[in-house]
Amino acid sequence: MNTPQPEPRLFHLVRSSGASPEAESRAAAGRVIVADGVEWSDGTVTLRWRGQWPATSVWEGGIDAVLAVHARSGATELHWFPAPKPLPSTTTAPAPPPTGAVDWQALSGLRLAAPGVDGRCVSCGLIWPCLSCGP
């Protein structure tokens, strides 16, 4: 079981290009992102599979369950995006609230572009969450 996180964390499932017929048909050399994922604050994981027939799956068992099913052969790896932030120490006092102008991006962490009605990122057109459109 994963330790609860203070906020959702984003990741990719990356597979060797020869690991599946779908991946082999792509022009990418070496490795290909096969799914975008979110680890929610309670440890639940949501995967959005890429490809000709995209699908979404929810894993109550968390990252451990996803890796047990999809990374058994070693051809699939989990890549955090961006690197996970360290959990705040419980012994340090919280930072005082900012004064003056509010830096909303610093307060809210990673921000994603909104999804369109077609399920694609409104900024770049990739399947949402695209993870490539940064703040």
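The table that follows gives values for the structure above.
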read-out: For Ser41, net neighbour charge (Lys/Arg +1, Asp/Glu -1) across residues whose Cβ lies under 12 Å away; value: -2
read-out: Cβ-defined net charge surrounding Ile63, 15 Å radius [Lys, Arg +1; Asp, Glu -1]; value: -4
read-out: For Arg120, residues with placed amide H under 5 Å, excluding near neighbours; value: Trp128
read-out: Taking Phe11, Phe81 and counting other C-beta atoms within 10 Å, the order from fewest to most; value: Phe81, Phe11
read-out: Directionally averaged shadow of region 31-79, computed from the convex hull of its alpha-carbon atoms, nm²; value: 3.5
read-out: Label zone at Ser16 (point 7 Å along Cα-to-Cβ), backbone N below 11 Å, region 43-85; value: 73-76
read-out: Proxy reagent accessibility, fewest Cβ within 10 Å first, across Leu126, Leu47; value: Leu126, Leu47
read-out: Ranking of His12, His79 by count of other Cβ atoms within 10 Å, fewest first; value: His79, His12
read-out: For region 9-15, Karplus couplings with θ = phi - 60° (6.51, -1.76, 1.60), whole Hz, Gly/Pro x; value: 10, 9, 8, 10, 9, 10, 10
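Laboratory data are not the source of any read-out in this text; all were calculated from the coordinates shown. Everything numeric in this text was worked out from a predicted model, so none of it was measured. Reconstructed Cβ throughout: ideal geometry from the backbone, glycine too, with neighbour counts over all protein chains shown.
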